[in-house]
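One structure below.
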Amino acid sequence: MTRWIRPATAGVAFLLTCGVVGAGDPAFAASAKAHTKPATHSHPAPHSHPASHKPVDKLAGMRKGAAKALAADAARVRRVAAAEAASTMLPAEDKSALATATTADLAALAADGTAVAAATSAKSIQAATRSGVRTVQGADLQFRLVTAAARTQQTAAGMATSGDDLSAQAATLQAAGTDVSTVSTPLADLATQLDHASACAASAASTALAIPAAPSATQLRAAQAGARADLDAAELALTSAEQDISTATAALTALQTPAP
């Protein structure tokens, strides 16, 4: 009986001895503590969903610059329109036609602005900007050409008044029996030259006013060349008319001067 109990007692003693020895060993104590501490499991943080953002507009800078340029173009068109309205050279019908053209120009610039805002490429923005520049060029060209044509018409009208005065004096001499062919011949050519000058000026103005609100570079060049050719022809006609007036005046003076 004692023989069976003793081993058990020895086993208990051994376990107690191990416990005491283990307690004195720091490594053992740490190991034991690690085994007795309940494991903590780290759970991954739930995925945070990024806030939805609009895609970055890579053309924002170019878009802003184009919008600013188009605004400047519109301001320039308005300045041209103000000069047209204040002009003392332009007749009422020309001012009305130019005002209509200004409305179309501003609408074209607004359309360019819309195109810039909706553009998806740098090329599209550049195209809209160039279109705006041409619109301003067209407005400025119209003003200059129509004004030049009006000036030609005004000069022709002044010469016609001088021709009418010379013709009246010649008619008085003719009624008195004087041969006035030296006066009437240049006066006849004067009328022809003035008609031609007036027609050329009208053609130049018509060409200018036909420039569209958003012209192409080709249309601008063609309008300028065509109107300039008409104005040059009108200038030549006015030069000839001026010579006719000088000739008729000298002839009339000779007829009115009593013979010595």
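The values are calculated or read from the model by the stated rules, or taken from the named source; none is laboratory data. Source: prediction; values computed, not measured. FYI the Cβ positions are ideal-geometry reconstructions off the backbone, even for glycines, and counts take in every protein chain you see.
Which is closer than 30 Å to Ala128 by Cβ and either of a type in the set (Ser, Thr, Tyr) or over 43 Å from the mean Cα position of the chain (by Cα) (or both), of Ser167, Ser216?
Ser216
Scanning for something exposed (fewer than 15 other Cβ atoms within 10 Å of the Cβ), within 20 Å of Asp244 (Cβ to Cβ) and among the small types (Gly, Ala, Ser), does region 212-225 turn up at least one residue?
no
Answer yes if at least one residue in region 143-151 is touching a Cys at 6+ places or on another chain (Cβ under 9 Å) and either more than 30 Å from Ala223 (Cβ to Cβ) or modelled with pLDDT of 95 or more (or both), and no otherwise.
Among the residues of region 143-151, at least one is touching a Cys at 6+ places or on another chain (Cβ under 9 Å) and either more than 30 Å from Ala223 (Cβ to Cβ) or modelled with pLDDT of 95 or more (or both), which makes the answer yes.
So, in region 204-235, how many residues would count as being touching a Lys or Arg at 6+ places or on another chain (Cβ under 8 Å), part of a helix (DSSP H, G or I) and more than 19 Å from Arg151 (Cα to Cα)?
Going through region 204-235 one residue at a time, the tally reaches 2.
Mind listing whichever residues of region 126-170 are surrounded by fewer than 17 Cβ atoms within 10 Å (Cβ to Cβ), within 26 Å of Ala75 (Cβ to Cβ) and basic (Lys, Arg)?
Arg130, Arg144
Of the numbered conditions (1) assigned to a loop (DSSP other than H, G, I, E, B); (2) modelled with pLDDT of 95 or more, Ala74 fails exactly one; give the number of that condition.
Here Ala74 clears every test but (1).
Among the candidates Ala67, Ala119, Ala85, single out the residue that is aliphatic (A, V, I, L, M), loosely packed, with under 14 Cβ neighbours inside 10 Å and either closer than 25 Å to Ala201 by Cα or in contact (Cβ under 8 Å) with a residue 12 or more places away in the chain (or both).
Ala85
Quick one: in region 158-183, which of the residues that are touching a residue at least 12 places away in the same chain (Cβ under 8 Å) and among the aliphatic types (A, V, I, L, M) is farthest from Ile245 (Cα to Cα)?
Out of the qualifying residues, it is Leu173.
Can you confirm whether Pro186 is within 30 Å of Ala111 (Cα to Cα) and not aliphatic (A, V, I, L, M)?
So Pro186 fails the test.
Count, please, the residues in region 222-239 that happen to be touching a residue at least 24 places away in the same chain (Cβ under 8 Å) and among the acidic types (Asp, Glu).
Residues flagged as touching a residue at least 24 places away in the same chain (Cβ under 8 Å) and among the acidic types (Asp, Glu) within region 222-239 amount to 2.
Six or more apart or on different chains, Cβ atoms under 7 Å: show the pairs whose first residue is in region 94-113 and assigned to a helix (DSSP H, G or I) and whose second is surrounded by fewer than 16 Cβ atoms within 10 Å (Cβ to Cβ).
What qualifies is Lys95/Ala85.
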